[in-house]
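Let me begin by presenting the structure, written as structure tokens, before commenting on it.
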Amino acid sequence: MSQYLEVHQTHPEPFSPYELKLSGSIQEIFGRGVHDLPGLVSGLNDLGLHAPDGSSWTQESFRDEMRRMGR
């Protein structure tokens with residue numbers, strides 16, 4: 001199965017509790033049929049999951065965090 005992985009799909013170390021919670025929350029929101037950025041941001045805030053700085057998510061803070069995590 002590893003022959004099908006691409007470099008950008010791998011993660012060099014175990015996922016942190018924060019990464020697991022964020023990804024689980026995103027999957028939950030997608031599972032509700034929400035697939036747009038405003039709905040995703042609203043869903044994260046409705047779940048009570050805060051942005052890394054402790055504030056509510058905004059579209060900009062979500063994009064910034066996805067960029068940071070994608071490095």
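When the residues of segment 47-67 are filtered to those that are acidic (Asp, Glu) and surrounded by 12 or more Cβ atoms within 10 Å (Cβ to Cβ), the one that is nearest to LYS21 (Cα to Cα) is GLU65. Among the residues of segment 15-69, which ones are outside any helix (DSSP H, G or I) and touching a residue at least 12 places away in the same chain (Cβ under 8 Å)? Answer for segment 15-69, where residues must be outside any helix (DSSP H, G or I) and touching a residue at least 12 places away in the same chain (Cβ under 8 Å): LEU47, LEU49, ALA51, PRO52, TRP57, THR58.
Of everything in segment 1-34 that is closer than 23 Å to HIS50 by Cβ and among the hydrophobic types (A, V, I, L, M, F, W, C), the residue that is modelled with the lowest pLDDT is PHE15.
The values are calculated or read from the model by the stated rules, or taken from the named source; none is laboratory data. Every value quoted in this text rests on a predicted model; they were computed, and no experiment measured them. When we count neighbours, we look across all protein chains shown, and the Cβ atoms used for this are built from the backbone with ideal geometry, even at glycine.
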